[in-house]
Amino acid sequence: MLGSVVGEHVGRGAAKPTLRVVDGRADAFRRLIDRELDAAYRLAAVILNDRVEAEDAVHDAAESAWRRWGDLRDPARFDAWFRRILVNGCRDRIRARARHRVVDLGRELTEAEHPRIPDEAGAAEARDVVDRALDDLGADERVLIALRFHLDLSVPAIAAALGVPEGTVKSRLHRAVLRLRAAIEEADR
């Protein structure tokens, strides 16, 4: 149970009492999670390349963190612990998406009939190429790319976040960058 529940009447003659939860654990969790939500959303959006799905992933991660709140040994490491929950959730979503790939024929037909007018700097086209290249990567590779280049985490920080040795991060990151580069070159042709 979250803690003690205290009933209070609101105003004189109120028909229903309002309830308020009094629990130090819930307050501590709320303070910690509030600090992480914006960064978590940005990370999920980069990994998933879908804003709506990123919101769902962050919500699910926050819910999972609350359920597993008792497992956290060191509250000072909440950010890394929560990031690991979020990254694992994003990884699962990418894998599920790959199993149930849906092609939007309407979008493809529209783009074929009405090609986009490139902007002067070509930035939109470049973003599309990178997005398509990221979509070709596996879940683990996308997570590594997002942690390294979006969050600008060091190899030791990524290793700690994922719970793997630094050498494993280096080799996987190297392969992910090579695959990303090859996918970008292929899309560029």
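Since every read-out is calculated from the coordinates, none of them should be taken as a lab result. Fair warning: this is a prediction, and the values are worked out from it, not measured in the lab. Don't worry about glycine lacking a Cβ; one is built from the backbone with ideal geometry, like all the others, and counts go over all protein chains shown.
Worth pointing out:
- Helices (runs of 4 or more DSSP H) completely within the range 128-189 that count 1 or more residues being in contact (Cβ under 8 Å) with a residue 40 or more places away in the chain and under 18 Å from the mean Cα position of the chain (by Cα): 139-145, 155-162
- Residue list for the range 58-91, filter: more than 11 Å from the chain's Cα centre (by Cα) and free of Cβ contacts under 8 Å to residues at least 12 places away in the same chain: E63, R67, G70, D71, L72, R73, D74, A76, R77
Quick grid of which residues meet (1) among the acidic types (D, E); (2) buried (at least 17 other Cβ atoms within 10 Å of the Cβ):
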{"residue": "D136", "(1), (2)": "yes, no"}
{"residue": "A139", "(1), (2)": "no, yes"}
{"residue": "L144", "(1), (2)": "no, yes"}
{"residue": "L151", "(1), (2)": "no, no"}
{"residue": "S154", "(1), (2)": "no, no"}
{"residue": "A159", "(1), (2)": "no, yes"}
{"residue": "L162", "(1), (2)": "no, yes"}
{"residue": "G167", "(1), (2)": "no, no"}
{"residue": "V177", "(1), (2)": "no, no"}
